[in-house]
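The values are calculated or read from the model by the stated rules, or taken from the named source; none is laboratory data. What you see is a predicted model; the values in this text were computed from it and never measured. Backbone-built Cβ (ideal geometry, glycine too); neighbour counts: all protein chains shown.
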Amino acid sequence: MTDFDLDRLGDVWRQQPDPAEMERLRRSAIAVARRARLGAIVDVVAAIAVAAVVILLVVANPKLQTMVMGSGAILVLLGSNIRLRRLRRIELKGLTGTTEEMLDQSIARVETTLRHHKFTLYATPPLFLATWLGFMMAAAPRPDSIFGSLRATPWFRMSLMAAGFAAVVGLAIYLIISIRRGRRELERLNAMRQAYREEGDAPAR
Amino acid sequence: MDLQQTATAPAPRGGDGSNGAVPPFERIVADYGPLISRIATSYEADPTLREDLTQQIFLAVWQALPSWRGDSSLKTFIARVAQNRSISFVTKQVRQPRLAELPERLEADTLNPEEEAIEMNEREMLLAATRRLPLPQREVIILVLEGFSYGEIAQMLEIAPNALALRLSRAKAALKSMLEQGQ
């Protein structure tokens with residue numbers, strides 16, 4: 001390959017897959033599209049179902065408390081749907097924009113995720129302690145109730161504390177791993193961004 | 001190909017004859033499946049991860065298709081989505097992409113076994129060398145090898161023709177050097 005002819009290399013590059021490979025690609029693509037279509041339908045059906053259940057509960061029990069809780073639940077549902085759609089729009093912009101725009105968006109996304117993870121990592125232990133203290137200091141439930149009798153049992157309190165502690169430790173480990181992974185991803189994204197800057201491309205706009 | 005001339009010429013609307021109308025997904029897969037597969041192969045050497053990447057590209061194309069307005073050819077649009085998805089896929093991998101490559105199956109009816117072996121070897125070398133290029137150069141070389149005009153590439157990457165020429169000449173020099181070393 002001594003003569004450097006891009007047209008000839010292009011012919012080598014553009015070899016068509018054989019029919020079996022094409023069939024495998026076709027099946028894979030159709031399965032992906034089917035799953036995506038199904039996912040979109042499930043999203044809509046689930047949102048409608050949850051909203052319907054909340055409305056039914058409010059109608060069946062039309063008190064101020066249930067109405068407030070129902071409205072809150074629907075607002076949360078609506079908010080999460082709007083947020084999901086916004087995220088999809090951002091992702092779509094990243095897919096169809098230039099590579100540099102995509103890299104900028106990815107850097108912003110990883111930085112935001114890192115900030116959230118760090119906040120959760122630092123906020124979880126004090127929050128856990130505060131919850132535990134609140135639980136211990138709260139007015140004791142009636143001793144004849146199930147919760148009251150359970151709370152009076154030492155092994156229950158110990159088990160609850162151990163389970164809560166294990167959950168906090170598990171979450172902390174997960175967050176630390178995610179933060180490390182996120183930092184590595186950020187390093188790679190910044191290196192790629194830098195590679196573009198070093199190319200010294202003048203934007204066409 | 002005259003870079004200055006072709007880079008300034010806008011790509012024809014729906015240059016693939018689709019006139020801006022989105023064809024059915026199955027048709028897109030039949031027409032552009034090989035393009036998607038080659039782009040995935042040029043970014044990911046591991047066969048399992050490549051399969052995952054190919055599926056992610058198909059999903060990305062499926063999600064992005066409604067936003068295609070026919071202001072560039074469908075092929076250009078799909079190549080852009082495939083490149084962007086491949087780059088984000090590679091950045092999410094903790095390790096660097098491996099350079100090991102399994103042989104790609106080629107069409108056997110046009111070549112005899114000897115020619116096929118030579119061409120397969122050449123293709124493997126080309127793929128391996130392409131994967132070692134820095135990202136901005138790799139992106140340009142892949143699009144050139146895929147047969148896009150310089151005008152389409154400049155439009156797709158939103159860079160000036162002279163910047164494209166510079167990047168392409170660096171990419172060609174690096175690729176040539178790697179291919180000669182690999183002989």
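Below is a table of values for the structure above.
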read-out	value
Odd one out for B:R80 among (1) within 14 Å of the chain's Cα centre (by Cα); (2) among the basic types (K, R); (3) more than 7 Å from chain A (Cβ to nearest Cβ)	(3)
Whichever residue in region B:108-134 is in a loop (DSSP other than H, G, I, E, B) and facing chain A (nearest Cβ under 8 Å) and, among such residues, is modelled with the lowest pLDDT	B:A108
Per-region count, region B:154-177, residues closer than 21 Å to A:Q15 by Cβ and in contact (Cβ under 8 Å) with a residue 40 or more places away in the chain	1
Members of region A:4-25 that are more than 7 Å from chain B (Cβ to nearest Cβ), in a helix (DSSP H, G or I) and not hydrophobic (A, V, I, L, M, F, W, C)	A:D7, A:R8, A:D11, A:P19, A:E23, A:R24
Test: residue in region A:57-75 that is free of Cβ contacts under 8 Å to residues at least 12 places away in the same chain, touching a helix residue (DSSP H, G or I) at 6+ places or on another chain (Cβ under 7 Å) and in a helix (DSSP H, G or I)	yes
Residue tally, condition exposed (fewer than 15 other Cβ atoms within 10 Å of the Cβ) and within 34 Å of the chain's Cα centre (by Cα), over region A:1-25	1
Qualifying residue in region A:96-113 (condition: more than 14 Å from every other protein chain (Cβ to nearest Cβ) and modelled with pLDDT of 90 or more)	yes
Matching residues, region B:135-156, being part of a helix (DSSP H, G or I) and either facing another protein chain (nearest Cβ under 7 Å) or among the β-branched types (V, I, T) (or both)	B:L135, B:P136, B:E139, B:V140, B:I141, B:I142, B:V144, B:L145, B:I153, B:A154
Selection status of A:L84, more than 14 Å from chain B (Cβ to nearest Cβ), farther than 24 Å from B:I142 by Cα, aliphatic (A, V, I, L, M) and surrounded by fewer than 16 Cβ atoms within 10 Å (Cβ to Cβ)	no
Some residue of region B:85-107 being within 13 Å of the chain's Cα centre (by Cα), at pLDDT 90 or above and crowded, with 19+ Cβ neighbours inside 10 Å	yes
Filtered residues of region B:38-63 (kept if free of Cβ contacts under 8 Å to residues at least 40 places away in the same chain and surrounded by fewer than 22 Cβ atoms within 10 Å (Cβ to Cβ))	B:T48, B:R50, B:E51, B:D52, B:Q55, B:Q56, B:L59, B:W62, B:Q63
Subset tally (residues that are surrounded by 15 or more Cβ atoms within 10 Å (Cβ to Cβ) and among the β-branched types (V, I, T)) for region A:26-44	1
Failed item, numbered, when B:A82 is tested on (1) closer than 19 Å to A:R89 by Cα; (2) surrounded by fewer than 24 Cβ atoms within 10 Å (Cβ to Cβ)	(2)
Members of region A:168-194 found to be of a type outside the set (V, I, T) and more than 17 Å from B:L135 (Cα to Cα), listed by number	A:G170, A:L171, A:A172, A:Y174, A:L175, A:S178, A:R180, A:R181, A:G182, A:R183, A:R184
Filter result for the condition that a residue is under 24 Å from B:I87 (Cβ atoms) and in contact with a helix residue (DSSP H, G or I) (Cβ under 9 Å, 6 or more places away or on another chain), over A:T131, A:T98	A:T98
Selected residue (only one of B:I141, B:I159 is surrounded by 19 or more Cβ atoms within 10 Å (Cβ to Cβ), among the hydrophobic types (A, V, I, L, M, F, W, C) and at pLDDT 90 or above)	B:I141
Residues of region B:157-174 that turn out to be under 15 Å from the mean Cα position of the chain (by Cα) and more than 8 Å from every other protein chain (Cβ to nearest Cβ), as a count	2
